[in-house]
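Here's the structure, in structure tokens; my notes come after.
We did not get these values from a lab; they are worked out from the coordinates using the rules stated. What you are looking at is a predicted structure, and each value in this text was computed from that prediction instead of being measured. A quick note on method: Cβ atoms are made from the backbone with ideal geometry, for glycine too, and the neighbour counts reach across all protein chains shown.
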Amino acid sequence: MIITLLLLIIPWIGLTTSQIPNPMRYQVSFEGGSHYAVDKIRWRLSSKICSSHETLSSGCSFQEIYVPNEGRTYNFQLTTANPCIVNRGAFLKYIDIWPGIVDKYGGENKTYDKVIFDNDCDGPCLTWFTQHNETIYTFMNYQSRLYIRQADSRPIKTTSTIYDLKTGQLFSQTENKITYWSLDEIPDSKFKFPIDTKKCYFA
């Protein structure tokens with residue numbers, strides 16, 4: 001009986017660790033200054049975009065917080081004449097950014113395409129690949145790849161490569177590194193308003 005259970009469980013464990021993580025609660029930061037705190041268990045969402053001279057610890061001048069029981073998104077731009085604009089309606093999908101990335105690479109149930117050893121992964125990374133051709137305005141082949149570290153299922157980066165369809169030559173190559181990833185409970189401080197909301201303008 002125990003052996004039968006193990007035979008059923010072990011393949012399931014291997015399957016879940018070979019898929020793209022798509023948690024209900026996460027924090028993720030990208031190289032360049034964007035940070036997202038999403039807790040769909042308690043329905044709290046916040047995003048911060050920092051400029052080149054700002055850091056998360058010192059504070060960012062741009063932040064959005066979705067408050068579900070109000071059905072409002074608070075948009076804080078602390079360096080402008082209107083430091084806070086309140087938008088009514090559902091939360092903006094780009095606050096909950098990770099599911100869009102998961103969908104782009106085939107969804108959370110899609111197993112990886114290839115194992116790649118990469119310095120940023122400190123070992124093997126499971127990768128998901130997508131590509132498409134553009135033939136209306138330009139003749140280009142667009143290729144994207146998502147890297148998830150195999151050891152702990154931590155997202156590492158995405159890469160984008162563009163090739164000329166006519167010549168096959170490399171046109172450009174970029175990567176977007178993920179500098180922080182956490183599935184721990186998110187502290188309340190991540191969802192605190194940076195100013196008194198009475199100063200907000202209702203759009």
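Would you list, by chain and number, the lysines whose Cα falls below 27 Å from the Cα of Lys114, excluding same-chain residues fewer than 8 positions away?
Lys104, Lys157, Lys166, Lys177
According to a simple spin-label model (label point 7 Å from Cα along Cα-to-Cβ), what is the distance in nm between Glu31 and Thr111?
3.1
Just to confirm the number: angle between the C-alpha axis of helix 2-17 and the first principal axis of the chain, 0 to 90 degrees, nearest 10?
Around 60 degrees separate the two axes.
With the cut-off at 1.5 for a/c, could you classify the chain from its C-alpha gyration tensor as rounded, prolate or oblate? Please list the in-between numbers first.
Numbers: a/c = 2.15, a/b = 1.32, b/c = 1.63.
It is oblate, given that a/c is not under 1.5 and a/b is not larger than b/c.
Evaluate the distance, in nm, between pseudo-label points positioned 7 Å from the Cα of Asn133 and of Lys104 along their respective Cα→Cβ axes.
About 2.3 nm separates the two model spin labels.
Can you tell me the length gained on complete extension of the stretch Lys40 to Leu78, counting 0.36 nm per residue apart and subtracting the Cα distance?
Details: separation 38, 0.36 × 38 = 13.68 nm, distance 2.64 nm.
Difference between extended and current length: 11.0 nm.
Where nothing but the Cβ of Lys and Arg (+1) and of Asp and Glu (-1) is charged, how large is the charge dipole of the chain around its Cα centre, in debye to the nearest 20? Spell out each step's value before the answer.
Values: 21 positive and 20 negative charges, 101 e Å.
Dipole of the chain, to the nearest 20 debye: 480 debye.
Relative contact order of the chain: what whole-number percent is it, with Cα pairs under 8 angstrom and at least 6 residues apart? Present the calculation step by step, with values, prior to reporting the outcome.
On the way: 390 pairs, mean separation 41.3, N = 203.
Dividing the mean separation by the residue count of the chain yields 20 percent.
Taking chymotrypsin sites (Phe, Trp or Tyr not before Pro) that fall in a DSSP loop and have at most 14 other Cβ atoms within 10 Å as cut points, what is the longest piece of the chain between them? Could the numbers behind the result be given before it?
Values: sites that count: Trp43, Tyr94, Tyr137, Phe139.
With chymotrypsin sites (Phe, Trp or Tyr not before Pro) excluded where exposed in loops, the chain gives 140-203 as its longest stretch.
Find me the longest stretch of the chain that has none of the exposed trypsin sites (Lys or Arg not before Pro), where exposed means in a DSSP loop (not H, G, I, E or B) with at most 16 other Cβ atoms within 10 Å. The partial results should precede the final answer.
Numbers: sites that count: Lys40, Arg42, Lys93, Lys110, Lys166, Lys192.
In short, 111-165.
Output ³J(HN,Hα) for the range 176-182: one whole-Hz value per residue in order, computed from phi by the Karplus curve 6.51 cos²θ - 1.76 cosθ + 1.60 with θ = phi - 60°, and x for Gly and Pro.
Taking θ as phi minus 60°, the curve returns 10, 7, 9, 8, 8, 8, 8 Hz for the range 176-182.
About its Cα centre, what dipole magnitude does the range 99-182 give when the only charges are +1 on Lys and Arg Cβ and -1 on Asp and Glu Cβ, stated in debye to the nearest 20? Each step should come with its number before you reach the end.
Details: 9 positive and 10 negative charges, 7 e Å.
My answer is approximately 40 debye.
Can you list the residues, at least 5 places off or on another chain, whose amide H is less than 5 Å from the amide H of Ser34, using H built in the peptide plane?
Correct list: Cys50.
Please compute the length gained on full extension between Leu92 and Lys166, using 0.36 nm multiplied by the number of residues separating them and subtracting their Cα-Cα distance. Could you put the intermediate results ahead of the total?
Details: separation 74, 0.36 × 74 = 26.64 nm, distance 3.90 nm.
Length difference between fully extended and current span is 22.7 nm.
Where Lys and Arg each count +1 and Asp and Glu each count -1, what net charge lies around Asp39 among other residues with Cβ under 9 Å from its Cβ?
That sum, taken over residues with Cβ under 9 Å, equals +4.
Which lysines have a Cα lying under 17 Å from the Cα of Lys40, excluding residues fewer than 8 positions away in the same chain?
Result set, ordered by chain and number: Lys93, Lys190, Lys192.
Could I have the simple spin-label model distance between Asn176 and His53, label points 7 Å from Cα toward Cβ, reported in nm to one decimal?
For the pair Asn176/His53, the computed spacing is 2.6 nm.
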